[in-house]
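> The structure follows.
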Amino acid sequence: MLRQGTTNRNNQSPTQHALSTSVASAQKMGRIQKQKSRRFSRMTSIIFFALLFGMFLIMGSVCLYEYTFQARALISTAVDADERVFSKVNDNIENEAAAASDQKAIVGNEDDSPTFVFHVGPTKTGTTTIQTALSLLNIQGMLAKDNFVYVPRRIIPRIEPCIQKLSIANCSEPCQEEAKASKLCFYYRKADAIISKARENRQNVVYSYEGDVSFEMEKAFQELINGFNVKAVVSYRRYFQWLPSAYNSRYKPDEDRPGRKTLNVWPGSDGGETIPTLGNALEKIYLESDRIANLEGHSFRRLEEISTTYKNVEVINMHDKGKPGLLHDFVCNVMQARSSCEEIINGDRLSNLQENPTSESLRHDQIAIAAYQNGIIDSKKFTRPEVREAIRQHEDELGYTSLNNYPLTCLSRSQIAKLLDNSLQHEKQMLPEFFTASAGEDVLRADFDTPKAQLSFCGVDAEKVINDEAWRGFFEKLEK
């Protein structure tokens, strides 16, 4: 009875019931299959997006690395032209060392140690020509062929604080601790790396620096170049020619050079520097009441100073017409660098380097200062460089071509006599054989008396210029 009731309640025959069960099973299997398919699709999507995200991360990391690398490269190369040369040396030092390691040192003493050729200037004696040539020879690979490593000019003065601490180790230890590396540590590492590598590979080193930093006589500098035979080199230029050139260079208001700010702002409240006449500057030197930077470091003084520290000192003479030139003498005779010497003789770029460029006159700046100090120029209205440039343009309009077109103030007779006497004494003591030769004393005296030399002992009389009626009109027009 119960079975009959059940059959009646479902109202299905056994066949229908079996069919219904089969359909239900099929539908359930379909639903399961769809669920599996959806799960698979979701998993596939997740994996796809995960892979895509990973690719983006990798690409981002590469871009960030490239950006960081480029940024660091820009920072490293933005310092100045000498540092760009140094970077090139640093990049190629391994190759250069490998190429030179089997070579015998070209210059050396009995112990066959490598040589540190140290050119100490002074300024205005062809140092720029020598430094430019060394940089070019280094880039061309000529110095490496001659077993020489080049140290760029600015690198060692920038570690002067290390040198002044009496020991290079006093700079080395703090630099090892600084992860970010200050500029001082950066330059210390560079200088130490290049000199140490050269010492290790028995390569000679050449370095030229004409500045007034006296690091060359410090104990720590000796420590840095320990293991080398030092050959110090002084360039000789006659004192009466050197002094006006150094004077112009000292007070040249070059806006692009660091440390020249005081020559580009007005004196007084702005903190600007006035320009003494050559006569006033010379009196300060002779009286030694005020040290004038760059005006006491002439060739004779440099020779005296450097000889107290180094036994092997050579003098290269700018006035020896029996030699091809100062650069040739330095590279071919002092350094004895054969490949570099041939390049100087035959290379177009090096053979055309000017050894003694003339310094620009200071007259425009001196007139500008005189006008300002006499209340003719309003400092709130015009800057010192602007007035200087206006004066130069007015000079062109007037057709002035040299200092001779202006009223002059010159050295006194006693100053001129003393200048000649010092010039003779310097040459006699530095180059005794040359001094007695035909190109020595007689030529010095003749050159001293030339109009060009006599004019170099003079400067513009700025007070007379600003009181001239025509120039007064120019300044009045400028003020309007």
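The values are calculated or read from the model by the stated rules, or taken from the named source; none is laboratory data. Not measured: the values here are computed from a predicted model. Glycine also receives a Cβ, built like all others from the backbone with ideal geometry; neighbour counts cover every protein chain displayed. Just so you know, the surface numbers come from the protein's heavy atoms only, side chains and all, with ligands and any DNA or RNA stripped out. Shrake-Rupley method; radii C 1.70, N 1.55, O 1.52, S 1.80 Å.
> Collect residues whose amide H, placed 1.01 Å from N in the peptide plane, falls under 5 Å from the amide H of residue 205; neighbours closer than 5 in sequence don't count.
Under 5 Å from the amide H of residue 205: 115, 116, 117, 149.
> Just order 306-312, 199-205, 148-154, 219-225 by mean Cβ neighbour count inside 10 Å, highest at the front, would you? Mind showing how you got there, number by number?
On the way: 306-312: 13.6, 199-205: 20.9, 148-154: 24.9, 219-225: 16.9.
Descending mean neighbour count gives 148-154, 199-205, 219-225, 306-312.
> Follow-up. Determine, for each peptide in 231-242, 365-376, 428-439, the mean count of other beta carbons within 10 angstrom over its residues, then list the peptides with the highest first.
On the way: 231-242: 23.2, 365-376: 20.6, 428-439: 13.8.
The peptides rank, most packed first, as 231-242, 365-376, 428-439.
> Follow-up. Less than 15 Å Cβ to Cβ from residue 476, Lys/Arg counted +1 and Asp/Glu -1: what total charge do the surrounding residues give?
Details: positive: 381, 472, 477, 480; negative: 378, 468, 469, 479.
Net charge in that neighbourhood comes out at 0.
> For region 362-479, give the percent of accessible area contributed by carbon and sulfur heavy atoms, probe 1.4 Å, rounded to a whole number.
On the way: 3040 of 6380 Å².
With neighbouring chains kept in place, the figure for region 362-479 is 48 percent.
> If you don't mind, another one. State the extension gain, in nm to one decimal, for the chain segment bounded by residue 413 and residue 425, taking 0.36 nm per residue of separation less the distance between their alpha-carbons. Intermediate results must be reported in sequence, preceding the final value.
Details: separation 12, 0.36 × 12 = 4.32 nm, distance 1.84 nm.
Gain on stretching residue 413 to residue 425: 2.5 nm.
> Which three semi-axes in whole Å describe the equivalent ellipsoid of region 362-479, each the square root of 5 times a Cα gyration tensor eigenvalue, listed largest first?
On the way: eigenvalues 316, 37, 29 Å².
That gives 40, 14, 12 Å for the three semi-axes.
> Ranked highest first by average number of other Cβ atoms within 10 Å, how do 392-405, 462-475 line up?
462-475, 392-405
> Around residue 338, under 12 Å between beta carbons, what's the net of Lys plus Arg minus Asp minus Glu among the other residues?
Neighbourhood net charge equals -2.
> If you don't mind, another one. Go through 284/323; 284/452; 252/321; 284/381 and tell me which ones have a Cα-Cα distance over 32 Å in this structure.
Flagged as over cut-off: 284/323; 284/381.
> Name the long-range amide H neighbours of residue 408: under 5 Å, sequence gap of 5 or more, or other chain; modelled H, no Pro or chain starts.
Counting only residues 5 or more places away or on other chains, the set is 461.
> Right, next: With θ set to phi - 60° and the Karplus curve 6.51 cos²θ - 1.76 cosθ + 1.60, what are the ³J(HN,Hα) couplings of region 242-249 in order, to the nearest whole Hz, using x for Gly and Pro?
5, 4, x, 5, 5, 4, 4, 5
> With a 1.4 Å probe and all protein chains left in place, how much accessible area per residue does region 112-164 have, in Å²? Provide the component values of the computation, followed by the final result.
Values: 1260 Å² over 53 residues.
Value returned for region 112-164: 24 Å² of accessible area per residue.
> Hey, another quick one. With a probe of 1.4 Å, find how much accessible area region 362-479 has per residue, and write the answer as a whole number in Å². Don't jump to the answer; show the numbers that get you there.
Working: 6380 Å² over 118 residues.
Solvent-accessible surface per residue comes out at 54 Å².
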